[in-house]
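Scroll down for the structure; my scribbles are underneath it.
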């Protein structure tokens, strides 16, 4: 598989990282497309626009794509419990919020991937149809592709780091400078004492 071919395919994708194609992200789809394991009509957010661009990259005859109505996630802010389970699943960080506080979707960043829906334990996230047609939505996603890709890379980096930190793993105190540890603990105690 030629890396240049994969890059050409990636260049025509909207970079939503939605997994609606059946692959883990847009890069995995591009690799599968080049290996002839994925069809051009497998990118629902990109619709007919992306399917046509992918068709131009291959001599294969590919079936037409069934267009879907574009939608975006909306959080019922009154029902949101602030569990933050939606944050790690949004591939481009279109959801903002903090634990035990209300969350919201940045509408113009949401790609309609629907990955957040199943993560919500109180079902406060719903998909609402946009007023855009499928082709207009695809054009907008393609205009945001570079930004989506950058946001995805940042998201992956941050959450892979957070997953690597094991909160249940005991700290090996033999590797900690005792003077620094004592100063840190004392500073925390002073802050707590100052709040009383």
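Structure values in brief
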| read-out | value |
| --- | --- |
| Residues 155, 139, sorted so that the one with the fewest Cβ neighbours within 10 Å comes first | 139, 155 |
| Highest average packing first - 34-47, 76-89, Cβ atoms within 10 Å | 34-47, 76-89 |
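No lab work stands behind these numbers, since they all come straight from the coordinates. Since the structure is predicted, the reported quantities are computational estimates derived from the model, not experimental observations. Neighbour counts are summed over all protein chains in view; Cβ atoms, including those assigned to glycine, are modelled from backbone coordinates with ideal geometry.
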